[in-house]
Every structure is written in structure tokens, then in C-alpha cells.
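Colleague: Have a look at this one before I ask anything.
The values are calculated or read from the model by the stated rules, or taken from the named source; none is laboratory data. Because the structure is predicted, anything quoted here is derived from the model rather than measured. FYI the Cβ positions are ideal-geometry reconstructions off the backbone, even for glycines, and counts take in every protein chain you see. Just so you know, the surface numbers come from the protein's heavy atoms only, side chains and all, with ligands and any DNA or RNA stripped out. Shrake-Rupley method; radii C 1.70, N 1.55, O 1.52, S 1.80 Å.
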Amino acid sequence: MRSERYLNEIREAEGLKRAVLQKIVVDGKTAEFFLLTDLTYSAEDVAHADSVSARYAPAGFAAKARITKSVPSAEGVRRALAQTLKTRFPAAAAFVSLEDIQAETEVGGGRFSICAEESERARLAGDHVLDALQSEISRQFCGVWRGEFRMVKKEKGEIEFEPEPEETVLAPRFFPVCEYSPIDGMEPKRAIYIADLNGEMQGVTVCGTVSFIEERETKNKKPYFSITISDGSGQLRASYFTRKATLEKVRTVAQGASVCLSGDNELFNGSLSFRIKGIDFGSPPQGFVPEQRPSLPVPAVYKKVVPAPVSDLVQGGMFDGSPLPEEFKRGKFVVFDLETTGLSKGGIMDRIIEVGGVKIENGNICEKFSTFVACPVKLSEEIIGLTGITDDMLAGAPEIKDVIADFYKFCYGSVLVAHNASFDCKFIRYYGEKEGYIFDMRQIDTVAFAQETLRLSNYKLNTVADHFGFTFNHHRAFDDAFVTAKIFTELVKIKGGLPRF
């Protein structure tokens, strides 16, 4: 990776042989590389760092190395380890306190230990916590750092489970369909907000602007259309199988057209899917603005989940030379992912068990939100196998009412971005409204964005990630959110702007 090559060259200087790269800041046409060293450095070392940085700065940018000398303390390392556990491994943080962390510094690095019971140690090892801690500390402090687990005896309470209560789906919102023109002749009178298409529904219509449409063929060579529309409250992706009588009319539907899709929202292969029965031209009322439901004010402080700074030095856009559009740099985005106990069935919403998100501001990934969520019902073997999350891992995690309040504060004023956004937004809107927080922010679906921008065999998260050469731990919320943020940034670069949303 180019960031590793950059540091290898930087470390050729005697005073920088254990230096770490903290961050890169772009101001105008200058890229500043912030380096940390625990050694005394000379003017020659500074000149060397400036020279190396100049070779790695994007074309047309001046480069400047900013070097700070800092010798780590044992207490600083302990607190950094505790913060990393809290933000990246909240389940582990529930049973590992600051007192359970020991650290000592040495010339050229140091060592640390985490005290845990035997059962906890096995779980920590399975989640590769030690590797992650060593990697994080090595990014924050100079030198080589080694960690270990130490077995201790601790008192541990039992996990209590409660029966899952019955829950109801919130009432959907509708708007009248205007400027109707037939294709299939369904003649709908009103359309449901895409954001409110949350459960199984029969005979409903959605209406919005086409952001993507592509004609394809089934294995039997029968034509069908993949289509994505947005109504300002959300996006919907669906497939439409034409009739011979309307095939040529549907072929006239282009990106930017306003259409109505009538059909059923139903479970298919365990997932909610909109089955289109008819397509017609139609639009929301002129000047339509999605109705905003009243929300509680943004919480003044974070109570349970405090976001932490985060950056991606390798894929942050500094080493590839690709420009970021101004509208992207001016915007604020929260890219997020959830792990849940399953899907919504029969009007009952499943539980959120993990939330992961990253914030993008000024074109950079800058902050992260990561937590497990307490679950009052036992996890199924299917979910445990899919996510690797167990009931024990959720012990001590914050309740959904506290997580959703903190996540609303984290998201406020941002555009929401997710891979298959309708699924994740459905959950946060549902649980947000239960607590009085309305997640009516605009949203971008990176599945639809990838369809507009790339030509792939499918648009699953791992397929799109592979296309860009990104590796990640799939089916864990923060890892999925982080790679989605990198994918989103790359798609923006390719398109030269944001998608329609």
C-alpha cells in the first residue's frame, strides 16, 4: 500500500525511524503530512520528510511535513487502549475496565496486557481484538507495541432474557398522484412515501423520479427492466417484467422521468421486495416537499455511545490523485450499517443488535459511531452464524432507546448513506419514532449508485468492494459501514458528483 511505502521512505531518516503518520490535511493547494516521532530530529530530517511528502502528494499540490516529537506515557497508552475498546469493541469494553489494562513503555515502543477471564479471553481472541489493539496503538504511538491477554477471575452476572413484545407498524404517509399518463393503465390516485414502505402491503403505488433504468433478459431471454426511483423520502429498487403490449412504451422511460410503480410489497426469500404489477407516468404534486414529522430536539450530549475520531489514510483520496467534487466536499454524510435479529415479518420489527457508522465531512472520513445493542430475546443460530455476534457479546450493551438517541445526534444535519438503504433506514426510522426521534434525513443507496456507475455481475457489498480492491470483515456493522463509505467516495469520484436523491 502507498501509505506503507510512504512511511518506509520517511523512516530512512535517523530521527524519523519510528515515525507514524497521524493525518493528512488539505488546505487549498497544500497537503500537510502530520508526523509523530519519539526521537530528536534534525533540520535534515525535516527536509527529508518534505521531499518524500512531495512525491506522494496529489499532482498540483504542494507538500509540507509537520513533525512533532512525543514520547508516550504508560497512562496515555492505557487510556488509548480503553477508548479503542469502547468505540470498536463495545461488548468487550463492557467487561474490560481501565483497571484491567496495563502498559509499560520501552525504548522503541512498549507492551500492554488485557486482564480477562478464560471465557472472555476466548471471545476476545475470536474477534481478533488483540491484533486490532496492537494495530491501533502502533498508529497512534511510535515504535513497536506488543500485547497479551492475562487470565484473571472475575464475578459475572447471568444474562436475562425477556419475551419479545408485539409491535405494530407505524401509519404510512401518502400524497396524490398528478399528471397521470397510462402505460399499463393502473391509474393510481395516491402514492405511499417510499420511506414508509416498511411491511407487507398489497395494491400500493410509489411515485418518483427515475434515477436508474436498464433493460435486461431472463435466462429464458425474456426482457425485463431493473429500475430505481426516488421520491425525496427514500429510494426503491425493483424489477419490472413487461407485457408484449407495453414493452415499447416502457422502453421510452428514461432517467429523469417521473413514474408510478403499482404492485405489492411482499416477502421473497426472507426479504421484503416490491413486486411491480404496472408502471405508468405520473408525478407528485408540483413543488412537493416530503412531509416532516415533528421530532424531539437533538440531544445536547451523547449519553451512551460517544463517537471517536477515525481516518482512512490508505483510501482517503490522498494517494490516487482523483479529485473530489465540490458538492461532495461541501456536504455532510453519515454512512451506516446495522446488524439485526432478522427481517420484519407480519408487522413485527426485529431487533437491532449492532450499529456502525462513519461521518464524512470536507470529503474525508472523520468520525465513527460503533456499538452493540442490548437484545431482550435470544439470537437465532442463523444470525449467530451470519454475524458472529452471540448473546454474551450483547451483555452490558446499551439499550436501543439510548443508542437511537445518540445515533440521531450523530446523524443530524447529514445525508444518510447505506448499501441497500431501504432496509437499514426502515429500522432506524421505526425505532427512532418509538423514542420520538424522526430520521427524515435524505438518503443515498450505494446499491442504486453502483448500478448507475458500474457494470458488475451483481451489486452485493462484497462484489462492489472486490471491484475496488477493498477487504473487510463482512456482516459486522462498523466494518460494513466503513467499506461502504470508501465505496461511496469512489463512486462519487467516478460520477464526478452525487447521485440523484
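Colleague: Which members of the range 362-385 meet the condition of being surrounded by 14 or more Cβ atoms within 10 Å (Cβ to Cβ) and not in a loop (DSSP other than H, G, I, E, B)?
Modeller: Listed by number, the residues that qualify are ASN364, ILE365, CYS366, GLU367, LYS368, PHE369, SER370, THR371, PHE372, ILE383, ILE384.
Colleague: What strands (runs of 3 or more DSSP E) lie completely within the range 165-283 and have 1 or more residues being in contact (Cβ under 8 Å) with a residue 40 or more places away in the chain, open to solvent by 30 Å² or more (accessible area, probe 1.4 Å) and of a type outside the set (Val, Ile, Thr)? Show your work before the answer.
Modeller: Values: elements: 174-176, 178-181, 190-192, 201-217, 223-230, 235-241, 258-268, 271-283.
The strands (runs of 3 or more DSSP E) meeting that bar are 174-176, 178-181, 201-217, 235-241, 258-268, 271-283.
Colleague: For the range 42-57, indicate whether the set of residues that are open to solvent by less than 40 Å² (accessible area, probe 1.4 Å), in contact (Cβ under 8 Å) with a residue 60 or more places away in the chain and in contact with a Gly (Cβ under 9 Å, 6 or more places away or on another chain) is non-empty.
Modeller: no
Colleague: Which one of these does ALA19 not meet: (1) hydrophobic (A, V, I, L, M, F, W, C); (2) touching a residue at least 12 places away in the same chain (Cβ under 8 Å); (3) open to solvent by 30 Å² or more (accessible area, probe 1.4 Å); (4) over 20 Å from CYS366 (Cα atoms)?
Modeller: So ALA19 meets the others, but not (3).
Colleague: Let me ask something else about it. Would you kindly identify the helices (runs of 4 or more DSSP H) lying entirely within the range 395-501 that contain at least 2 residues that are open to solvent by 30 Å² or more (accessible area, probe 1.4 Å) and among the polar types (S, T, N, Q)? Show your work before the answer.
Modeller: Working: elements: 400-411, 421-434, 446-453, 461-468, 477-495.
The qualifying helices (runs of 4 or more DSSP H) are 461-468.
Colleague: Within the set of pairs 6+ apart or on separate chains, which have a first residue in the range 479-501 that is without any contact (Cβ under 8 Å) to a residue 60 or more places away in the chain and under 22 Å from ILE229 (Cα atoms), a second that is hydrophobic (A, V, I, L, M, F, W, C) and open to solvent by less than 10 Å² (accessible area, probe 1.4 Å), and C-beta atoms under 6 Å apart?
Modeller: LEU491/PHE449
Colleague: Are there any pairs, at least 6 apart or on different chains, whose C-beta atoms fall under 6 Å, with the first in the range 294-307 and in a loop (DSSP other than H, G, I, E, B) and the second open to solvent by 100 Å² or more (accessible area, probe 1.4 Å), and if so, which?
Modeller: VAL298/TYR412
Colleague: Tell me, yes or no, whether the range 345-354 has at least one residue that is at pLDDT below 90, buried (at least 22 other Cβ atoms within 10 Å of the Cβ) and not aromatic (Phe, Trp, Tyr).
Modeller: Yes, the range 345-354 has at least one match.
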